[in-house]
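Encoded as structure tokens, here's the structure I'll be asking about.
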Amino acid sequence: MKNILKLAYLLVIVLLVSSCDLSLKPVSDISTMGGVDSAGNTVKFKTRAEMQTQYNNMYNQLIGNNGVEGWTTDMLIYSDTHADNSYRGATDVELTQLEQQKQDGINKNINRDWNYYFSIIAAANSVICNVDSVPDATFTQAERKQWKSEGLIMRSMMYFDLVRLWGNVPLIIVEPPAITAANITKVYPLYYPPKDSVAKVYRQIIGDLNFALQSDGAPNIDPTNKFIFSKTVANALLAKIYAEKPVRDYAKTIQYCAEVEKDVTLVPNFGDLFDMNAANTDVKSRFTSESIFEINFSGGGNWMTWMCGIDVSDPNSKYDWAKWFTPSRDLIAAFDRAGDTVRKNETITTGNVTWSNEYPSIGYPFMWKYRSKFSSTIKLRLADILLLKAEALVEQGNIADATVLVNRIRSRAKLTSLSTVTADDVLNERRLELAFEGQRWFDLVRTGKVFTVLNTLNSRDPGRLPMDVVTLDKTLLPIPQPQIDKNPSMIQNPGY
């Protein structure tokens, strides 16, 4: 009886997840797919066209709710509001908890993001695990290798976020078989596995990215379309991964940064990354020379702008609620100390509103890197990689070369050159360059500055809500309680 109840519950969950995924691109009836190959083996997808529905769905995950709400909007809460760049804006309890370092396992946003991440991973796995078994002779080996490599890079990118946000997480790299009453005892742990160690997850990520690069499967970067998991994306991820403490190897960070530098160049003007055209009908530039991975919303539909400020392409758009990100006084002060008007004006704008939650209603600050429904989501760009390389060079003692890199970034922002740089200088430059791009929290944790910076924040920033002390345990998010409730193998993170 217990197994039957588990089966019923699992079938409901699987159907709900499947229906959610298919709604992103309802291209065909999944029940008509699959069959047997020439040897009589059951295959999930018979043709290249069937496999392409899964390949397309993999990317569509990033332009639907999984990507916009989870991987972009909520990620900026974790990276900037949970750090020192932003206040919570709207007064939702979930956002308030994260600003105050009081998050817990029943935070609804944390739970939905856990689900979003694993839905995206499931979409990547559908390609990775099935592309080689499609019995369609017109489906070339080169294309199979490319799609598989793109799936591996995408899955690696998701797991890189997961392991930095939650630490030990379940490593799901196979598709579980269909559940029956006969196999439920064996199959149940595949649907609800225990957590794997951070070290194991990093080994898998590194192995997958190296496979994508060494198998000659990952495509070269396409200057006309950066919404592709390319070799350059894989190299950028490896550069960032080797800067993380569990696998830290600064020589490899520098090596992979150098690979990225072969493929992309800085745009001359910082504003070219985010500005609109003169008529405010589209972005000024899309897929710039600096972009490495960029989610394209050329047809509109990026509702990040509605969560941040106003849509300048819509004359009816207005500041009618407090949005999700209010730039902090501490961030504004950091721009002002540096005399950095170029990046400040591209990062923060102001408007007159009817509320005064964090500031007076006149000249209320808003995040400004998403200006319309046409704005791209730039997940990786060269300035991030150059400053990461500078960080690694400083740690190696190569201050001269690090200073040159930092000054390249400062020069574009119309700032004077520094005669020499320290680790703190690099960290501050990353803050000003990459504010509201999903980096700040991870930079603080990676460099070990999270405790000194955040635990003194209330004394520096009188506008911030009172914060709990950030401890080592609190550098990770709690495992969502609903995941623990339905998975007997799931253990809560320490400190929660």
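The values are calculated or read from the model by the stated rules, or taken from the named source; none is laboratory data. Just so we're clear, the structure is a prediction, and the values are computed from it rather than from any experiment. When we count neighbours, we look across all protein chains shown, and the Cβ atoms used for this are built from the backbone with ideal geometry, even at glycine.
Got a sec? Which of Ala392, Ala435 is among the aliphatic types (A, V, I, L, M), crowded, with 23+ Cβ neighbours inside 10 Å, closer than 23 Å to Arg329 by Cβ and out of contact with any His (no Cβ under 6 Å at 6 or more places or on another chain)?
Ala435
Right, another one. From (1) in a strand (DSSP E or B); (2) within 28 Å of Thr224 (Cα to Cα); (3) not polar (S, T, N, Q), pick out the condition that doesn't hold for Arg343.
Status for Arg343: all satisfied but (1).
Give the residue that is surrounded by the most Cβ atoms within 10 Å (Cβ to Cβ), with candidates limited to residues of the stretch 272-308 that are among the β-branched types (Val, Ile, Thr) and under 18 Å from the mean Cα position of the chain (by Cα).
Here the answer is Thr305.
Another question about this same structure. Looking only at residues that are among the basic types (Lys, Arg) and assigned to a loop (DSSP other than H, G, I, E, B) in the stretch 85-134, which one is surrounded by the fewest Cβ atoms within 10 Å (Cβ to Cβ)?
Ranking the qualifying residues of the stretch 85-134, first place goes to Lys102.
In the stretch 48-64, is there at least one residue being buried (at least 17 other Cβ atoms within 10 Å of the Cβ), of a type in the set (Lys, Arg), out of contact with any His (no Cβ under 7 Å at 6 or more places or on another chain) and assigned to a helix (DSSP H, G or I)?
There is at least one residue in the stretch 48-64 that is buried (at least 17 other Cβ atoms within 10 Å of the Cβ), of a type in the set (Lys, Arg), out of contact with any His (no Cβ under 7 Å at 6 or more places or on another chain) and assigned to a helix (DSSP H, G or I).
Would you check if there is a residue in the stretch 11-21 being at pLDDT below 90 and either of a type in the set (Ser, Thr, Tyr) or outside any helix (DSSP H, G or I) (or both)?
Yes: the stretch 11-21 contains one or more residues that are at pLDDT below 90 and either of a type in the set (Ser, Thr, Tyr) or outside any helix (DSSP H, G or I) (or both).
Across the stretch 155-203, what is the number of residues that are in contact with a Phe, Trp or Tyr (Cβ under 6 Å, 6 or more places away or on another chain) and in a loop (DSSP other than H, G, I, E, B)?
The qualifying residues number 1.
Write out, first by first residue and then by second, each pair whose Cβ atoms fall under 6 Å of each other, whose residues are 6+ apart or on separate chains, and whose first residue, in the stretch 332-350, is acidic (Asp, Glu) and surrounded by 18 or more Cβ atoms within 10 Å (Cβ to Cβ) while the second is at pLDDT 95 or above and assigned to a helix (DSSP H, G or I).
Final answer for the pair search is Asp340/Leu432; Glu346/Phe270; Glu346/Gly271.
Pick from the stretch 278-297 the residues that are touching a residue at least 12 places away in the same chain (Cβ under 8 Å) and of a type in the set (Gly, Ala, Ser): which of them is nearest to Met157 (Cα to Cα)?
Ser291
Yes or no, residue by residue, for (1) in a loop (DSSP other than H, G, I, E, B); (2) in contact (Cβ under 8 Å) with a residue 24 or more places away in the chain:
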residue	(1), (2)
Leu444	no, yes
Ser459	no, no
Pro482	no, yes
Ser489	yes, yes
